[in-house]
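What follows is one structure encoded as structure tokens, with my remarks underneath.
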Amino acid sequence: MSEAHFEANGGNVAVFDTHPSEVIAAESPLHWSRERGLVDDVAGHDGDVKVVERPFLGHLILRGGAITLDEAVRAELGISLPGKPLGLNVDADGSRSVQWLSPDEWLVIVPGGEEFELENRLREHLGDAHFAIVNVSGGQTLVELSGDKARELLMKSVTYDVHSHGLPVGKAVGTVFAKTSVVLRRPNETGFELVIRRSFADYCVRWLLDAGREYGLRVESPSSR
Amino acid sequence: MFYIFCPYCDERREEEEFHPSGQAHLVRPTDPESVSDEAWGDYLFFRDNPRGIHHEMWVHRLGCRKFFNITRDTTTYEILETYPMGEQPTITAETARVRREQGVQTADGGWQTVGAQPENSTLNEETSS
Amino acid sequence: MTQPNRLNQGGRLDRSRRLSFTFNGQQYTGFAGDTLASALLANGVDIVNRSFKYSRPRGITAAGPEEPNAIMQLGASEAAQVPNVRATQQALYDGLVARSTNGWPSVQRDVMSWVGRLGGHLMPPGFYYKTFMAPASMWMTYEKWIRKGAGLGRSPAEADPDIYDHLNQHCDVLVIGAGPAGLTAALSAARAGARVILCDEQEEMGGSLLDSRESIDDAPAAAWAEQTVAELAGMDNVTLLPRTTANGYHDHNFVTLHERRTEHLADTAAAAGRDGEVRSRLHRVRAERVVLASGSHERPLVYANNDVPGNMVAGAISVYLRRYGVAPGQKLVLSTNNDHAYRAALDWKEAGREVVAVVDSRANPDGDLVKQVRDSGIRVVTGSAVMEASGSQRVTGARVVAIDTERFVVTGKVETLACDTIASSGGYSPVVHLASHTGKRPQWRDDLLGFVPGEVKSMHFAGGVQGVYALGETLADGGRAGAEAARAAGFAQAEAITLPSVEARHESPASALYQVPHEKTTLRAPKQFVDLQNDVTAAAVELATREGFESIEHVKRYTALGFGTDQGKLGNINGMAIAARCLHRAIPDVGTTVFRPNYTPVSFGAIVGRHCGELFDPERYTALHQWHVENGAEFEDVGQWKRPWYYPRKTGGKTESLHDAVARECLAVREKVGILDASTLGKIDIQGPDAREFLGRVYTNKWAKLAPGRVRYGLMCKDDGMLMDDGTTSCLGDNHFLMTTTTGGAATVLEWLELWHQTEWPELQVYFNSVTDHWATMTVTGPEARKLMSEVTDIDLDREQFKFMDWKQGNVAGVPARVFRISFTGELAFEINVQANYALHVWKTLFAHGEKYELTPYGTETMHVLRAEKGLIIAGQDTDGSVTPEDLGMHWAVGYDKPFSWIGKRALTRPDTARTDRKQLVGLKPKDPKVVLEEGAQIVLDPAEAIPMTMMGHVTSSYYSPVLKSGFALAVLKGGRDRMGETVYLPMADGTTHEAEVVSTVFVDPKGERQNV
């Protein structure tokens, strides 16, 4: 089985579809928080801030030169690579995005299950160019923050300037969140997104609940599948 | 708490996102085997500790994970410039002395410049539009 | 209850809201809008505290943060106790309970007052040091009683019910102080579009405008303040923070503001009906520009008995009269060296009280205010000063005398004026504190008789803080500073606002007067207090200079001048002036004083914010954490990770001990099969055509020929040749590797790889990415491991097909997995990697099938025992940054003949690293099998040697082995490999000495056959 994958890429890189072919239970990074009642199962709560997990998305890290990758990402994903540092490009319906992480590093987020096929198409497109693609879908999750107090909640949590002067729509930054780090994104006018690491997810949830207590904050997630 | 200009993210960030990584511009001898024990010891263990202008390497650990250099005044904690790996500082102890003698301030407002490019407040807007 | 000193009208109070409060057990009432201080004065409370050293009665002296005496312990319940609150800054609320921090058992009758009564000569500066110095061992005992007598407030004995937080703020212009200068500065910057934060420590913004006699645009100054604050409040780009003290100015314009959010309302947020809200908040502000408009503090004059209740700073008199409708006495004598203080006399008279006299040290004051006072019929005595106050519990009179300030002598006869209040003014000290927090020294200005801030980059000064005091000029100065700051922050069009009209006043210049000369010498005269909070007298300062302390920094430390919780806000300049006089020097020549954060005390709660309790530090969980919790695991902290330590069994209400559980888990692995959650291991994905070359440079061993499908153990050194981390790296493809690191080393190793790639070898085509969180890792190990695995995977597990140090891809429990045949236990082992979202399913499936093999979960403690039995090291436990691969006996993992001089290679031939008597890793077997040596225990060769003994090494890992039925240990020992079979000794702190034999590091299965079954 592994041999087949080596061949698929000239034996240089082993690609790996992490998803089982049969239906198997999966738990997002917020699952344990939900088990303890910190996270609500279903949506519907309306407070001054709403925090909703978008679990099981496909997260890929792209490494390489901007020009090479831009051409491939445009062709295979229909989104251009952000041209400037800290740029975030989102497609029309908001379900696919490409984000600048560093001068040779981008984060691609796509609907769950698309990531393996996308990786293969990109690899094929990029051919012999020097690049790397790494699937990190199991290691992080996306959380959306919206509501009137979302900005103030973030001011309690990150040192970054979350005012629209500092974080306008289309910008995303890696920064400190409480005592850990997150990727903080502003995909649209209505809210913010946090990309949080799996192992820190429960800490982040507990932090958000504590900081958002005065706004009646609840966290929602369909965190198992 | 420093406010450090990351030359890759192209904006200032809080110190807690960074990690100091020691003196900048250290050169690892290309052929270590031909270097004397004493010279290798110097490379390993001896560092400058100047009063005044110092060049340091930092890494934007919780941001873009890139290493870069800082020219910092160790007496005032001012960061005079930051510049990517592979580049040379435009401000050194020597230029600072000359500028001081000529009555020229080395940098405005305690803010860093990127190489010779002066810091300005529109930098942030430019990067984020 | 009546408020005898409350005026019938006036003040910015809501007289419809009566508030009741208690002070030292006595009940009083005040009004909404009062501070605790104004309410105490309204109720005629003269004595609010006892002094720190002499235990003299003390009353309220000032009206702001500079107050040295009215330091309170607040809180109606034990949990709500707050020490060292300045009554002048505490808003009154209904049910407030305050006590004096000092005065034991009460302020009226004080145990320590004998000290004060016996006179000053008993307690010179350094008294405590000199008197209680010997024997040194007794100091702790002395200190306990001195502190109890002195009283410095106390912290609560119960948990604080309130919560606190931080708010990170960014702005273009931060304006500190909302007096006249701050308001025009904020408005000028805000109208230009800048993001402005305006903070002010008081309940209400407006500063001196709130008690000013002057008019702005022909209306009371306070009305203009209200209107300006309202305009600012209506602007989207302005954040107003009243009740917020700028306490610290740090590098690169980082300013900490402390906002009191509920403590002005009640004891606790819950009591204020604000449950869930924070009591106080620390704003962490990163400002492009800072406008410091912190104003000035009026200095009192130093004269004899100037601490008796009834002695006040002149400006405070006006504040209490005009803002709080309180006249703190009946008959006033004012002693001044400047015009501005005259307003206190006018305010006093207008309140219907008697002004006995204004005593002015100047010969011919002729300013407009002076004329106004004279015209109102108040007696003005010139060329004179109040030399001494009469009275003990309250001022009964003022002894006034003509003085020569140049020669520092009295020149006439003393006249005693009967009065109950003495107001004094020695001029104004700009509040330069924040400007000096980053080390910039203030500059003395002779024309202002005060220090102004030194130049601070990115900080602009406005108004009183740089000695601009006249109202019109202050408003203009603020407008200028605000516009300058906004322009510097990028708002090029910013201009100062059009100024409102203010009537100019003629002022006659102040004269320099700090300490008033007395008819007796300073050392003989009644006490003349310089620092009221720390009981430092003029005599003490003079004595210090005589004893050879010439710099003010030394005088301060010797006398404790300025070391109180008020940081000497009232006393510092007077102290410096007295030291300068004694040393015959100018004031700046005795040194300037630099302040440190914080400007006023900040509660620990606000500093800590939310980072406490469960949120003190992040806890990292693996994808299997839920299972561990549900199965009763005890957890161990490894870095921030919570790892299962052991899984105690509960049978018949009894919980298995650590020792028993570990023994059981160890035997399960050695005899059946065990499973470990190894997800915390660092995992780094490495891709690129030069990946292999890079590995060869950062690892000590060879990587050139490792084929896809194979795994290798690697050692990583720093360039000094010392081991940094270790782990296995698998070849996934020719240009693709998966590196594992220790749990604690994950971030460090990734940064290390990036460091070398980015700074030394950017030409190598390779990328590194962390996949630690992406993969969950489970180790199935033990003789039955293959049988168990064969039930859940489609991978061919045949020992010839799937060899030790191979990896294969397939499905485990239906989930795509990479399985690695590597072993950290010495037993047959399969390490399974699956995408973390599916980990729980795989783990549970293994247990469903594992029951018949007695599959046993084991934790880190068992893992440690098992690996130590095999002599496998843990980087960071058996190594400490001073251990080379050679010291570990790992010559086999060092590729000296690799073409590139890999990291650490050159250093291994330096004389010190090549020594043969270095500490080397060995095994230790205690002679008594019951003994488990202490980790860290020192090894000696001769137990009879006199102390200090020659230490030969130490124990790095030590456990009890259920297989060996004995304790065993790993240790580093000088020349250890040549000492096999020797006996060494480990002397313990309790006097016992353990004996151990030096043995091989491999205790179990020395031929390594078990992992290849």
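The values are calculated or read from the model by the stated rules, or taken from the named source; none is laboratory data. What you are looking at is a predicted structure, and each value in this text was computed from that prediction instead of being measured. Cβ atoms come from the backbone with ideal geometry, glycine included; neighbour counts cover every protein chain shown. Please note that ligands, DNA and RNA were not included when accessible areas were found on the heavy atoms of the full protein model with its side chains. Shrake-Rupley method; radii C 1.70, N 1.55, O 1.52, S 1.80 Å.
At a glance:
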{"quantity": "Complex-versus-alone comparison for the range A:133-161, residues with a loss of 50 Å² or more in accessible area, probe 1.4 Å", "calculated": "A:134, A:138, A:155, A:156, A:159, A:161"}
{"quantity": "Apportionment of accessible area to carbon and sulfur, chain C, percent (1.4 Å)", "calculated": "51"}
{"quantity": "Between B and A, accessible area buried - total, square angstrom, nearest 100, 1.4 angstrom probe", "calculated": "1500"}
{"quantity": "Gained length - residue C:877 relative to residue C:546, 0.36 nm times residue gap less alpha-carbon distance", "calculated": "113.3 nm"}
{"quantity": "Over 26 Å (Cα to Cα) - which of C:683/C:705; C:672/C:1007; C:925/C:974; C:642/C:683; A:171/C:683; C:650/C:925 fall in this group", "calculated": "A:171/C:683; C:650/C:925"}
{"quantity": "Rg(Cα) / (2.2 N^0.38 Å) computed for the range C:896-1013, rounded to two decimals", "calculated": "1.25"}
{"quantity": "Accessible area per residue in Å² at 1.4 Å probe, computed on chain A", "calculated": "35"}
{"quantity": "Listing of the range C:716-742 residues, each with accessible area lower by at least 10 Å² in the full protein assembly than in the chain alone (probe 1.4 Å)", "calculated": "C:719, C:720, C:732, C:733, C:734, C:735, C:736"}
{"quantity": "Long-range amide H partners of residue C:497 with built H, under 5 Å", "calculated": "C:188"}
{"quantity": "Solvent accessible area, Å² - residue C:1002, 1.4 Å probe, full protein context", "calculated": "50"}
{"quantity": "Chain C, accessible area per residue, ligands and nucleic acids excluded (1.4 Å, Å²)", "calculated": "37"}
{"quantity": "Hits among lysines - C-alpha to C-alpha of residue C:556 under 29 Å, sequence gap 8 or more where chains match", "calculated": "C:53, C:130, C:144, C:148, C:440, C:457, C:520, C:527, C:569"}
{"quantity": "From phi via Karplus (6.51, -1.76, 1.60), per-residue ³J(HN,Hα) for the range A:20-31 in Hz, x at Gly/Pro", "calculated": "x, 6, 8, 7, 9, 4, 10, 10, 6, x, 8, 4"}
{"quantity": "Whichever aspartates and glutamates have a C-alpha closer than 15 Å to that of residue C:331, once near sequence neighbours (fewer than 8 apart) are set aside", "calculated": "C:46, C:347, C:350, C:354, C:420"}
{"quantity": "Loss of accessible area when C meets A, both sides summed, Å² nearest 100, probe 1.4 Å", "calculated": "5700"}
{"quantity": "3J(HN,Hα) from dihedral phi, the range C:987-994, Karplus parametrisation 6.51/-1.76/1.60, rounded to Hz, x for glycine, proline", "calculated": "x, 9, 5, 7, x, 7, 10, 8"}
{"quantity": "Coordinate range along principal axes, alpha carbons of the range A:28-224, Å, largest first", "calculated": "53, 37, 30"}
{"quantity": "Loss of accessible area when C meets B, both sides summed, Å² nearest 100, probe 1.4 Å", "calculated": "3100"}
{"quantity": "Cross-link partners of residue C:808 among aspartates and glutamates (Cα-Cα below 17 Å; sequence separation of 8 or more within a chain)", "calculated": "A:3, A:7, A:17, C:685, C:734, C:791, C:794, C:796, C:798, C:800, C:831"}
{"quantity": "Convex hull of Cα atoms in the protein assembly as shown, direction-averaged projection (nm²)", "calculated": "56.5"}
{"quantity": "At least 10 Å² accessible surface lost relative to isolated chain, residues of the range A:68-97 (1.4 Å probe)", "calculated": "A:84, A:85, A:86"}
{"quantity": "Leading residue at positive end of dipole, the range A:28-224 (Cβ point charges), from A:143, A:67, A:208", "calculated": "A:208"}
{"quantity": "Placed amide H near residue C:397: partners under 5 Å, 5+ positions off or other chain", "calculated": "C:390, C:419"}
{"quantity": "Accessible-area value, residue C:14, 1.4 Å probe, nucleic acids and ligands omitted, Å²", "calculated": "60"}
{"quantity": "Overall form of chain C per C-alpha gyration tensor (a/c, 1.5; a/b vs b/c)", "calculated": "prolate"}
{"quantity": "Calculated from backbone phi, Karplus (6.51, -1.76, 1.60) coupling profile of the range C:663-679 in Hz, x at Gly/Pro", "calculated": "4, 5, 5, 4, 5, 4, 5, 6, 10, 10, 7, x, 9, 10, 7, 9, 5"}
{"quantity": "Surface share of carbon and sulfur [accessible, 1.4 angstrom probe, percent] for chain A", "calculated": "48"}
{"quantity": "Label point distance in nm, residue C:14-residue C:503, each placed 7 Å from Cα along Cα→Cβ", "calculated": "3.4"}
{"quantity": "Helix-derived mean residue ellipticity, 222 nm - over chain C, DSSP H n ≥ 4, -39500 (n - 2.57), to 500", "calculated": "-6000 deg cm²/dmol"}
